1. Under unit Cβ charges (Lys, Arg +1; Asp, Glu -1), what dipole magnitude, rounded to 20 debye, does the chain have relative to its Cα centre?
2. Starting from the Cα gyration tensor of region 457-596, take the square roots of the eigenvalues, sort them a ≥ b ≥ c, and report rounded, prolate or oblate (rounded when a/c is under 1.5, otherwise prolate if a/b is larger than b/c, else oblate).
3. Over region 269-396, what is the mean sequence separation of C-alpha contacts under 8 Å (at least six apart), divided by residue count, expressed as relative contact order in percent?
4. Mind listing the phi-derived Karplus ³J(HN,Hα) values for region 268-284, rounded to whole Hz, using 6.51, -1.76 and 1.60 with θ = phi - 60°, and x for any glycine or proline?
5. Please list, in order along region 134-149, the HN-Hα scalar couplings obtained from phi with the Karplus expression 6.51 cos²θ - 1.76 cosθ + 1.60 (θ = phi - 60°), rounded to whole Hz, x for Gly and Pro.
6. Considering amide H positions built from the backbone, and no H for Pro or chain starts, which residues 5 or more places from residue 138, or on another chain, come under 5 Å of its amide H?
7. Anything over 24 Å Cα to Cα? Flag those among 447/513; 147/175; 175/442; 175/258; 65/173, in the order listed.
8. How are the alpha carbon pair distances in region 5-114 distributed across 10 Å bins from zero to the largest one, expressed in percent?
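Taken together, the values in this text are just the output of simple stated rules run on the coordinates, not laboratory data. Please read these numbers as outputs of a predicted model, since none were measured by experiment. Cβ placement follows ideal geometry from the backbone for every residue including glycine, while neighbour counts extend to all protein chains displayed.
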Amino acid sequence: MANIAPAPQPRDLDAEQLRDIERFETAIAQYLSGEISEDVFRVMRLNNGIYGQRQGGTNQMIRIKLPAGTITPEQLELMGDLATEYSRGWGHITTRQNIQFHFVELRRIPDLLRRLAVVGLTSREACGDTVRNVMACHLAGACPYEKMDVTPWAEAVYRHFVRNPLGQRLPRKFKVNFSGCSTDCGQAMFNDVGVVAVNRELEDGTVEQGFRVYIAGGLGATPHPALALEDFTTREELLPTIEAVLRVFDQTGNRENKLRARLKWVVDQLGIEEVRRRVIKLRHTLPASSSWPGGIPPEVVAVGDAPAGKAASGEVTAVGQGVRVDFRSSDPFARWELASVIRGAAKGTVSAVAYAALGDITADQFRALARIQREFGADVRLSNRQNVVFRNLTEDQLRPLYDRLDEIGMARPGAELARDVVACPGADTCNIAVTQSRGLAKAIGEKLEDEGLAEVGGVRINISGCTNSCGQHHAADIGLFGAERRAHGQSLPGYQLLLGGHVGDEQIHFGQKALRLPAKSAPDAVAQVVRRFAGERQAGETFTAWLERSGGAGEVGKTLREFDVVPTPDDAPHYFVDYDETGPYVAEVAESECAT
């Protein structure tokens, strides 16, 4: 008989987390026996990070929260075990630094949750109308440009709000992101609360560290840019400020219409000045709360938040959207090093990106990443572009790291190159997706490889299977979202192409509509845009600047009209079948539980 690892004992688990799991386990039994209705159980399920799949039945997706994208070797090893024992042999990195597993049987989830708890992880409030995973720039603490290491601040916000009664039944989900500088690799500018580390000079000439807090941003079908709450928020007041924003949202959010329930709609209704007034007023009286979160959080006190600093000499790697990569060598290691290594921190360490195509990692890769992390003593983060970042490396570790990553298929130059296509799960598993966004992402990647365009730098491609922007299509240079098309009396999968999205410099510009495309011609259209950009851009020119010089999204869209032609079903039957499907396309959607 095979050896079976003993089940984790209650002493291994946080008491509150254990009670959570036991209560959910009881609820599952009650739901399956008919004692709890579907609508009540849905809330419990989502608040525990469990999301239904379009396959129905007891197939479930579990989303595991990784605050600031941090992950340890023990946690990576567990991901490999979970992929094998509970899912399809692989897991998926999301655009919010979570890890998701699909096709998990509902009855087995409590055991999975206990195993997460043993390594310090939870899925609690990874879904539902709650405070979602708190994100931070994947280079926080290792970036030469940062004003502050925002990692412990993200951890503090996560710990303050997880299981906090304030955040259990909000009008809608509530997202918090951190960036260590105005470059905004953490994407603060399209979240309910986006926090950017800044400095200000005081009258005596000293410099004070603090934050600029942005509120009410969001993507979805109607994107809104985040707006500044105030010019400067002190370190002592950051958590009270975020709590005050949450309380105002809880008090004023629309609980009757989920489509207009996010904080961005509160600003539309009340105006930004009134929302600012309410937040500041509430923050002023918050010290009377029994759980006042003011002062420097213990998570920050314990490890500090000093910035990595910039090296006195040597090259500093550019970061952020629009970074251009020009290869000067055919050597695979040299190409990976140029595209994937970030240098310039004063403490002398470097960071390197391991490329995870489509954000997918197999069980064997999870386990290998754990071994690599231990071998190199590295700090590892997941990025919002669905890759894995090794930090605190020395220069002499780069070649061995490359060799280890090459052995597991994760050493291709991917960071900030066209091949690094981001996609949501789409109709593979999502209830509300209308197209197979993952299939399109793979097809675009293959087309770019075939055309020699996969290593064009400075262009980001993001895809969503519907308008909800889980794939963050609005913020990409080239964005696509799924939509049903009709031609010749039949339905077919289609996409709206957007061009010119950009996040950086504490600003966000949403992509503009270029044209609609059949799904099967979208890879050719995207390749043509990338080809034009690569051939026409001037020295140092960003995609946004090239697009503007080319007349904007509409004008570039006109040059792609040849791809918006749908042949008849007899001439090209594959146009009427989505990627990764075998039968005729049908736009089937179920009730939204909202995966973003």
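1. Details: 68 positive and 78 negative charges, 188 e Å.
The dipole of the chain has a size of about 900 debye.
2. Details: a/c = 2.62, a/b = 1.47, b/c = 1.78.
The shape class here is oblate.
3. Values: 113 pairs, mean separation 24.3, N = 128.
Computed over region 269-396, the figure is 19 percent.
4. 4, 7, 9, x, 5, 5, 5, 5, 4, 4, 5, 5, 5, 5, 5, 4, 4
5. Result, ordered by residue: 7, 9, 8, 3, 5, 9, 4, x, 9, 9, x, 9, 5, 8, 6, 7 Hz.
6. So residue 138 has HN proximity to 384.
7. Numbers: 447/513 22 Å; 147/175 22 Å; 175/442 29 Å; 175/258 16 Å; 65/173 15 Å.
Distance filter (> 24 Å) returns 175/442.
8. 13, 45, 35, 7, 0
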